[in-house]
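The values are calculated or read from the model by the stated rules, or taken from the named source; none is laboratory data. Owing to the predicted nature of the structure, the values given are computational and were not obtained by experimental measurement. Here Cβ is always computed from backbone atoms with ideal geometry, including for glycine, and neighbour counts include all displayed protein chains.
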């Protein structure tokens, strides 16, 4: 019977309380083979020529039922799980197995889903069961973000790293409350300081933000014509050097008015007669 990667991967995912990245899964297989080699080496190694006495073997540990612990610890050598285990499992093989597991969980409709986040794969409960999970954990319902916080979060996501002044310039209102709320929810964090006068603090999004919106990386965010870097740069540039309105911008005539008497004569107009001084 051939080795069943999908069954092993499913067991690993269900037994882990943390996301499993592809490198983590590959590391499990590497440790499996390392343990096998060490076991063979210890079995094949015999006493050396200089050994005259053999140390007494320690008695096998026993469980509360009186059975040897090693019998409980060692699983049966199921060929589907332990025979012909490949020494290298590629990322493509892991993704294909994960896709099959995800499809099976969706088809079963038993409240479990397999998702891939920024930190790896993890099995989660379906959002339909969120209320039951909150009751079990005695957790309050999640607090929804206000429209102001969502707009601030969008600016940070598309512009990061971004300063508070830039956020306020783009949105046109104060961003202090929104930034504090997003920091509290751990959706953004302080990246560093900008190379500008006053060294203002810069903000960026966290891995929890990626899980919040359901993407693996910032590159997967949908393209935005409103929050593109080019347009934001233009807004920031125009706000720092405001444009002075001309007569044309105000809807006035753009005709050139005469500036002196010579120009007036050229245009056919005679200068006004000078008043004679009184006698």
Next on the checklist: So for segment 151-165 (the condition being more than 16 Å from the chain's Cα centre (by Cα), touching a residue at least 40 places away in the same chain (Cβ under 8 Å), farther than 29 Å from residue 95 by Cα and not in a helix (DSSP H, G or I)), does at least one residue qualify?
Outcome noted: yes
Next on the checklist: From the list 96, 34, 52, 70, exactly one residue is at pLDDT below 55 and not in a loop (DSSP other than H, G, I, E, B). Which is it?
Outcome noted: 70
Next on the checklist: Please verify whether residue 182 is at pLDDT below 90, surrounded by 14 or more Cβ atoms within 10 Å (Cβ to Cβ) and in contact with a helix residue (DSSP H, G or I) (Cβ under 8 Å, 6 or more places away or on another chain), treating the condition exactly as stated.
Outcome noted: no
